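Below is one structure, written out as structure tokens, with a few remarks after it.
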Amino acid sequence: MEKQIFKKRELKKYKIELADSHCHLDALENKNFSEFISYGVLTIITNGTDTKSNIETLNISDNKHIFAALGIDPSTALNISDKELIFNIELIKNNNKKIVSIGEIGLDFKIAVNENDKNKQKYVFEKMLDLANELNLPVSIHSRNSIDEVIKILKSKNIKKVHFHFFEGDLSYLEYIKQNNYLISIPPFSSSKRDKVIKEIPMQNIMVESDAPAAGNTPIDVEKAIAIISKIKQIEFEKTAEIITNNTKMFFNIKNKTNLNIMRK
Ligand SMILES: [Zn+2]
């Protein structure tokens, strides 16, 4: 409790708003989302992963501070029935005005252990990409141990707006990302491979994420990711946060009017 009060006071001096490009609010134990907003994370993109979480994510979103991304993630893709997949596709189509992205979707070859599993993930991933094209929405991509295959499929589907969440690729993917104006998001942890990417990638291609509760605890942890970027880029924290928040709102086409002073009264 004391820690929270200290943090609140500390951020007030920044005078900037933060944005979390990828988390899972439906899976959080702390359902007091207004806490994160009053702290300064005024834009939160929360991702669904399966039927239950897609429905919850829709219910949680207010399109003021909390925005929904809906999708079938690679772990759900392993076991989803055709009937359930169709249900989710219809859910997304019927609510397409209420969502800002198709996500979380992608491939995960750490959990897909054989060709059969990989093919199941690819099948669902391609269905989700077709949906993004049809609804003209960006995609939020999970690409653990599978980035080459993911890129191959993105190219084949001619996907225009791509967000690589929890980016784990190395410098060799930089040109591809820059050329396509894709964005990567940085989690609240350092890795030497990712630090090298942060150093070289233009600021316009970066967002931050908490991936709470999977990686960070709450959306507030994006401040750790901003601090990592700020240090590597040698741009002051506030300026880094400002650029990243703008990137996030532009990418997801979010035009929420936000005022930190009012939020904190
Ligand atoms: Zn996630």
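A few points about this structure:
- Test result for THR57, buried (at least 18 other Cβ atoms within 10 Å of the Cβ) and of a type outside the set (Lys, Arg): yes
- Check on ASP117, more than 16 Å from the ligand (Cβ to nearest atom) and either within 25 Å of ASN246 (Cβ to Cβ) or among the β-branched types (Val, Ile, Thr) (or both): no
- Look at region 28-49: where a residue is in contact (Cβ under 8 Å) with a residue 12 or more places away in the chain and a partner is among the acidic types (Asp, Glu) and within 16 Å of the ligand (Cβ to nearest atom), sitting 6+ places away or on another chain with Cβ atoms under 6 Å, you get VAL41/ASP20; ILE44/ASP20; ASN47/GLU104; THR49/ASP73; THR49/GLU104.
- Yes/no for VAL100 being touching a strand residue (DSSP E or B) at 6+ places or on another chain (Cβ under 7 Å) and either of a type in the set (Ser, Thr, Tyr) or more than 24 Å from LEU58 (Cα to Cα) (or both): no
- THR46 being of a type in the set (Val, Ile, Thr), buried (at least 23 other Cβ atoms within 10 Å of the Cβ) and at pLDDT 95 or above: yes
- Which listed residue is among the hydrophobic types (A, V, I, L, M, F, W, C) and in contact with a Leu (Cβ under 8 Å, 6 or more places away or on another chain), from ILE111, ILE151: ILE111
- Checked against (1) within 16 Å of the ligand (Cβ to nearest atom); (2) small (Gly, Ala, Ser); (3) at pLDDT 95 or above; (4) farther than 17 Å from THR43 by Cα, ALA215 passes all but condition (3).
- Each residue in region 106-135 was checked for being assigned to a strand (DSSP E or B) and either more than 26 Å from SER210 (Cα to Cα) or at pLDDT below 95 (or both), and 0 of them qualify.
- Taken over region 218-241, the residue count meeting the criterion of being in a helix (DSSP H, G or I), out of contact with any strand residue (DSSP E or B) (no Cβ under 8 Å at 6 or more places or on another chain) and more than 16 Å from the ligand (Cβ to nearest atom) is 10.
- Any hit, region 11-23, residues being within 16 Å of the ligand (Cβ to nearest atom), closer than 23 Å to ALA225 by Cα and without any contact (Cβ under 8 Å) to a residue 40 or more places away in the chain: no
- Residues in region 110-128 that are farther than 18 Å from PHE164 by Cα and of a type in the set (Val, Ile, Thr): ILE111, VAL113.
- Meets criteria (acidic (Asp, Glu), farther than 30 Å from GLU17 by Cβ and either more than 16 Å from the ligand (Cβ to nearest atom) or at pLDDT 95 or above (or both)) for ASP73: no
- If the condition is being under 22 Å from ALA214 (Cβ atoms) and in contact with a helix residue (DSSP H, G or I) (Cβ under 7 Å, 6 or more places away or on another chain), then region 62-83 contributes HIS65, ILE66, ALA68, LEU70, GLY71, ILE72, PRO74, ALA77, LEU78, ILE80.
- Looking across GLU84, GLU17, GLU35, one residue alone is surrounded by fewer than 24 Cβ atoms within 10 Å (Cβ to Cβ) and closer than 25 Å to ILE184 by Cβ. It is GLU17.
- Only one of the numbered conditions (1) closer than 20 Å to LEU154 by Cβ; (2) hydrophobic (A, V, I, L, M, F, W, C); (3) surrounded by fewer than 23 Cβ atoms within 10 Å (Cβ to Cβ); (4) within 16 Å of the ligand (Cβ to nearest atom) is not met by ALA27, and that is (1).
- Considered as a group, the residues in region 91-112 that are closer than 16 Å to ASP73 by Cα and more than 19 Å from the chain's Cα centre (by Cα) include one that is surrounded by the fewest Cβ atoms within 10 Å (Cβ to Cβ), and that residue is LYS110.
The values are calculated or read from the model by the stated rules, or taken from the named source; none is laboratory data. Owing to the predicted nature of the structure, the values given are computational and were not obtained by experimental measurement. Counting neighbours? That spans all protein chains shown, and the Cβs are built from the backbone with ideal geometry, glycine included.
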